[in-house]
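Participant: Right, I'll just put the structure down here and ask away after.
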Amino acid sequence: MSRVLRAQNLTKRFGDDKVVDNVSLESPEGKITVIMGPNGAGKTTLLKMLALLIPPDAGEIEYNGVKVNTLGEKEKPEFQRKISFVPQKPPVLTASVFRNVYLPLRFRGVEPSRAKSLAEEWLARFRLAGFSRKNAQNLSGGEKQLLALARAFATQPEILLLDEPTAHLAPQNAEFVREFIKRFVYETKAHAIIVSHSVTEAKTLADRLLVMVSGKIKAVYDGEFREEEILKWI
């Protein structure tokens, strides 16, 4: 049976502001859902709820039929280990580039020798092999984004939640990352939900495109869409 990540009627308020308003979506395995919309639409808040970083005020999140947003303190971390969430401005550890990938793997229980080889492998895949000994705090914005992506993919996640994954990248690296995401998702049957402001990114990646405005899903496109249809919303 195919895995499905499903959100039903999610709502989130901050004070008097309803930031996410009764949002439902499905993310099948091996498919990429892209969410577009103007600033302040609630896209990042939605991703954080799906990652179980903040609780919804109403609604449910299910994975393979199991309600995950009410998991206990023991079960919640087990589910979160299936997820890689990369925020728009990803934090990096005050440590070497290598240890930024190695330490999260060790934290997840990967043996030292295996964690070392995985860290080296994924840094090379994301064009950072020559930066291993450099302090991650001294990287450029684009290099930090590549590091965050290497760290995210090294854990072989079942669920990818990416917030503007190419926002700080040069065009050549952005194209490389998009193609990498697409190949990874289709080959591993991962679930991917990606927030983006880039129509190019949506056209390259989206199996399904959601347009979110003022906390609500205003439009859904499966497969191809016309650029002008999207731009009228954002």
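Participant: So, of the residues in region 128-181 that are of a type in the set (Gly, Ala, Ser) and within 21 Å of residue 106 (Cβ to Cβ), which turns out to be nearest to the chain's Cα centre (by Cα)?
Facilitator: Only one residue tops the list, namely 152.
Let's see how each residue does on (1) assigned to a helix (DSSP H, G or I); (2) surrounded by 15 or more Cβ atoms within 10 Å (Cβ to Cβ):
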site	(1), (2)
45	yes, yes
69	no, yes
72	no, no
85	no, yes
91	no, no
105	yes, yes
133	no, no
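Participant: Right, next: Note down all Cβ pairs under 9 Å where the first residue falls in region 207-234 and is polar (S, T, N, Q), the second is outside any loop (DSSP other than H, G, I, E, B) and at pLDDT 95 or above, and they're at least six residues apart or on different chains.
Facilitator: Filtered contacts from region 207-234: 214/18; 214/21.
Participant: Under 7 Å between Cβ atoms, at least 6 apart or on separate chains: pull out the pairs that start in region 3-26 with a residue that is among the acidic types (Asp, Glu) and end on any residue that is assigned to a strand (DSSP E or B).
Facilitator: Once the first residue is among the acidic types (Asp, Glu) and sits in region 3-26, its partners that are assigned to a strand (DSSP E or B) give 21/11; 21/216; 26/4; 26/6.
Participant: What are the pairs with Cβ atoms under 6 angstrom where one residue, in region 90-110, is touching a residue at least 24 places away in the same chain (Cβ under 8 Å) and the other, located anywhere, is hydroxyl-bearing (Ser, Thr, Tyr) and assigned to a loop (DSSP other than H, G, I, E, B)? Sequence gap at least six, or different chains.
Facilitator: 97/132; 98/132
Participant: Filter region 1-24 down to residues that are assigned to a strand (DSSP E or B) and hydroxyl-bearing (Ser, Thr, Tyr) and give me whichever is farthest from residue 218 (Cα to Cα).
Facilitator: Taking the candidates together, the pick is 11.
Participant: Here is a follow-up. Out of the residues in region 62-82 that are over 16 Å from the mean Cα position of the chain (by Cα) and of a type in the set (A, V, I, L, M, F, W, C), state the one that is farthest from residue 191 (Cα to Cα).
Facilitator: Out of the qualifying residues, it is 71.
Participant: Considering only region 25-35, I want to know if a residue exists there that is outside any strand (DSSP E or B) and modelled with pLDDT of 95 or more.
Facilitator: yes
The values are calculated or read from the model by the stated rules, or taken from the named source; none is laboratory data. This structure is a prediction, so every number in the text was calculated from the model and none was measured. Glycine gets a Cβ as well: all are built from the backbone with ideal geometry, and neighbour counts include every protein chain shown.
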